[in-house]
Amino acid sequence: MCGIIGYLGKQKAATIILEGLKRLEYRGYDSAGLVVLKDGEFELAKKAGRVDGLIKSTPAQKIAGTTGIGHTRWATHGGVTDANSHPHLSSDGKIVSTTNGGSTFSTQTLDAAGPLNALHFPTATTGYVCGNAGKLWKSTNGGTSFSPINISGVSQNLTDLHFPSANVGYVLDEFSQLRKTINGGSSFTLLNNVNVGSAKQLWFLNETTGYVLSNNGAVYRTTDGSTFSPFIASTTAPASPLAVSPMQAATLASPAIEAKPGPTLPFLMHTRVGACMP
């Protein structure tokens, strides 16, 4: 049976996690691994076999950082290999995943004219996926199946989306045009008064308060779900992916916050499909 241990604190995470993995050995396992976050980057170590082998090949002192997660795996699907050991790191190195169980999965092939660009589940059962050529899909059963949604007159690539609730959502296309639905995708309205330059990503705290990040690092904010105004000035550095805690995001939503030039605004983003594949 798989075991999972996590640590967030001020001590060296790897030392505590490796000791935790040793204490999980009684559950039975065939491989082990851990990942530690340091300076915004993940350090990953995993190995088929005993925890002692992982400790020997990757001493704790070689992995710095005070936040991390560890895993012991009992293979129920896939061979006992280093590659199949957990945790798994996404291809862009920005997302880590690990799981306990899950030997059976359902899959569905979507009629996508190219890659799937973004995925978001505002609830445990309702979720949306967007892709190229105006393709959009919706699930109402937790992702077991998806049905296509037609956005009238749209054939351009859909690059990002965010649904702060099951029925209210925003979809961004490759030409930085933003569309809004208030009925779960039955119809969309083009927000003509949105001037956000070359938009890259969007994220909403609730149905009316949200942010759009442009490619030049500028951030635009709305508090009414339709009108956007500059929130952070552009930077010379390329826009980076968004990532901040929900508490920080809630703080940013306060009207007392003064917009100041600076680095790109971080937010906790919804999952991007292309980035979450191990």
Next on the checklist: Please go through the stretch 1-24 and give me each residue that is in contact with a Ser or Thr (Cβ under 7 Å, 6 or more places away or on another chain) and either acidic (Asp, Glu) or in a helix (DSSP H, G or I) (or both), ordered by number.
Outcome noted: ALA13, LEU21
Checklist outcome for this item: Of LEU119, LEU110, the only residue that is under 30 Å from GLY153 (Cα atoms) and either in a strand (DSSP E or B) or hydroxyl-bearing (Ser, Thr, Tyr) (or both) is LEU119
Checklist entry - Checking ALA124 against (1) of a type outside the set (S, T, N, Q); (2) in contact (Cβ under 8 Å) with a residue 60 or more places away in the chain; (3) over 21 Å from GLN201 (Cβ atoms), which test does it fail? => result (2)
Item to check | Residue list for the stretch 180-199, filter: in contact with a Ser or Thr (Cβ under 6 Å, 6 or more places away or on another chain) and not aliphatic (A, V, I, L, M) | outcome: LYS180, PHE188, ASN193, GLY197, SER198
Item to check | Criterion (of a type in the set (A, V, I, L, M) and in contact with an Asp or Glu (Cβ under 6 Å, 6 or more places away or on another chain)) met by exactly one of LEU202, LEU178, LEU191, LEU161 | outcome: LEU202
Item to check | Residues that are assigned to a loop (DSSP other than H, G, I, E, B) and within 16 Å of GLY6 (Cα to Cα), drawn from the stretch 46-102 | outcome: ILE63, ALA64, GLY65, THR66, HIS86, PRO87, ILE95, THR98, THR99, ASN100
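Every read-out reported here was derived from the displayed coordinates using simple, explicitly stated rules and does not represent laboratory data. Note that this is a predicted model, so its numbers are computed, not measured. Ideal geometry is used to build each Cβ from the backbone, glycine not excepted, and the neighbour counts take in all protein chains shown.
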